[in-house]
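The values are calculated or read from the model by the stated rules, or taken from the named source; none is laboratory data. Bear in mind that the values here come from a model prediction, so they are computed numbers and not experimental data. Note: ideal-geometry Cβ built from the backbone for every residue, glycine included; neighbour counts use all protein chains shown.
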């Protein structure tokens, strides 16, 4: 392990292009994150097409930079303007803006930056130690285990990503149907292609991601036009004192643990991590009433929790090939485009690359720290860019990006349709991420299910006589049934009381 | 009553029935394999049940029509759809590098942003940026359009 680590260190420092890409990525990420309405997912989806021509390390670090910067960037506008740039920063706005109004905007920004950095870096360290262990376990997985894993991932994502369970499940099922398009994985029979040649290899999922996560957001921002904002707050000294920081350490460590754990669970992302960390910090604090009125612990908890989520979310992606949320789904697309199949074999076949990436990710966080401490006030000014300029540019980038993947105009049309559909889905509370995850997990579930049956000579026993599939399938059933049982129970209680 | 939910539910029922019927013609080989039609049919039947639940809960919901957002904002989004698809058509005809500045200028103008210097600057710089990054660095030839091919 140590030699892999040192190898990674020397790899990254002999690759100036990758370092430059990390800097570019973090800067783009912070800008995207700071802009209300643009999320880290959108940033990663828009930048993804640029990475095709690059070496894997440079391309993936560019995307990681956008991802990390995007999660952090939301806090800048949350603190200065009370408009959280990303959903995850909504909790940061509670105390951050209160601090800014007390004239302590600089300190709030400093605490947010330091906490994001610490939480993020520690989560990458956890990722570094935890993922080889998990990958080793997953190496033993055969078809029934992988099938159960895909079902488990899908069930969690469909049940927690939306406001309504039914709508989340519908999105998941539509995604699964889309995943069935193309050649049958076992028999090679073309399904639902409508005679369209480009559909033989399935629905192109990167254009769908760009459409659902970037174009639809651009369309949505059109209906929220004309919000003029200006940063008026004066920013003084940014670094907190050592005594202040030392007091924050327990909060940061607790939030990091929570954030990393929440990140590992499929379906829960940075926004949930931020809110849970905030609530826990409040619960552990002696001064509960101070929260929401400008407490640096509040800012610190949200930011370290949200950024710790990044390392956590990468654990199932890299070790199992299961993306936990929308951002990591896009990252999975990027890995596959580079010819890297995430999963246990990635560690076996590309161990060198994986460790180089880990080191690079820590470097991304260091870059983020420096940018946050020295340039946060300039990043905050991006909100002054009028939406009327921003939205057309985003749409152009969506179109070029989806074209560049395969040099295919067909992909562009798919992207545009996905953008329109995605807009209406958002408007009517259908979550988009189950569609994308189903596109990835659907083929995996089907092929592994049928491979498992081939192993067992057609007997379904194989799914419940082995421990891991049994546990995972039971967990999926519990995930799906709990909300239903809860709803029925509440109705029953109302009727008989 | 939630009209949208009912409409979406009906649409999805059509989709699942169509899937079910189409998947009936898919081959199945051997004794152990469930065949190419099994998963599509399974998913279609789950989708059918979910659509029925969606419609039922749509009927049950009390209180008038759907909550509508402001009329003007809806117009802006519709404008966005129209401009985007017009842009795609234009790319097919005149190629990417002619259409992009036209789209950017036209769209910003239609959205009500009409300061001449920033709009022209944005249109030119964005097109130039894309040209450099995609054509020069990544070497992706962007569509030239029917007229120039």
* Quick one: would you say residue B:87 is within 22 Å of residue A:211 (Cα to Cα), more than 10 Å from chain A (Cβ to nearest Cβ) and either part of a helix (DSSP H, G or I) or modelled with pLDDT under 95 (or both)? -> no
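This table checks each residue for (1) over 30 Å from residue A:147 (Cβ atoms); (2) at pLDDT below 90.
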| site | (1), (2) |
| --- | --- |
| A:306 | yes, no |
| A:319 | no, no |
| A:326 | no, yes |
| A:347 | no, yes |
| A:354 | no, no |
| A:372 | yes, no |
* Scan A:319, A:310, A:328 and give me the residue that is surrounded by 24 or more Cβ atoms within 10 Å (Cβ to Cβ) and without any contact (Cβ under 8 Å) to a residue 40 or more places away in the chain. => A:328
* Which residues, taken from region A:47-87, are under 14 Å from the mean Cα position of the chain (by Cα) and surrounded by fewer than 24 Cβ atoms within 10 Å (Cβ to Cβ)? -> A:87
* To do: May I ask you to list the residues in region A:155-178 that are more than 9 Å from chain B (Cβ to nearest Cβ) and more than 19 Å from the chain's Cα centre (by Cα)?
  => A:165, A:178
* If you take the residues of region A:273-301 that are without any contact (Cβ under 8 Å) to a residue 24 or more places away in the chain and assigned to a helix (DSSP H, G or I), which of them is nearest to residue A:261 (Cα to Cα)? -> A:279
* Are any of the residues in region A:128-143 more than 11 Å from every other protein chain (Cβ to nearest Cβ), at pLDDT 90 or above, farther than 30 Å from residue A:474 by Cα and within 22 Å of the chain's Cα centre (by Cα)? -> no
* To do: Scan region B:59-78 for residues that are at pLDDT 85 or above and more than 7 Å from chain A (Cβ to nearest Cβ) and report the count.
  => 1
* Structure fact -> Of the residues in region B:16-27 that are within 8 Å of chain A (Cβ to nearest Cβ) and surrounded by fewer than 18 Cβ atoms within 10 Å (Cβ to Cβ), the one that is modelled with the highest pLDDT is B:22
* Asked: For the subset of region B:90-104 comprising residues that are under 15 Å from residue A:413 (Cβ atoms) and facing another protein chain (nearest Cβ under 9 Å), which member is surrounded by the fewest Cβ atoms within 10 Å (Cβ to Cβ)?
  -> B:92
* Asked: So which helices (runs of 4 or more DSSP H) stay within region A:325-437 end to end and still have 2 or more residues that are away from chain B (no Cβ under 14 Å) and under 23 Å from the mean Cα position of the chain (by Cα)?
  -> A:326-337, A:344-349, A:351-380
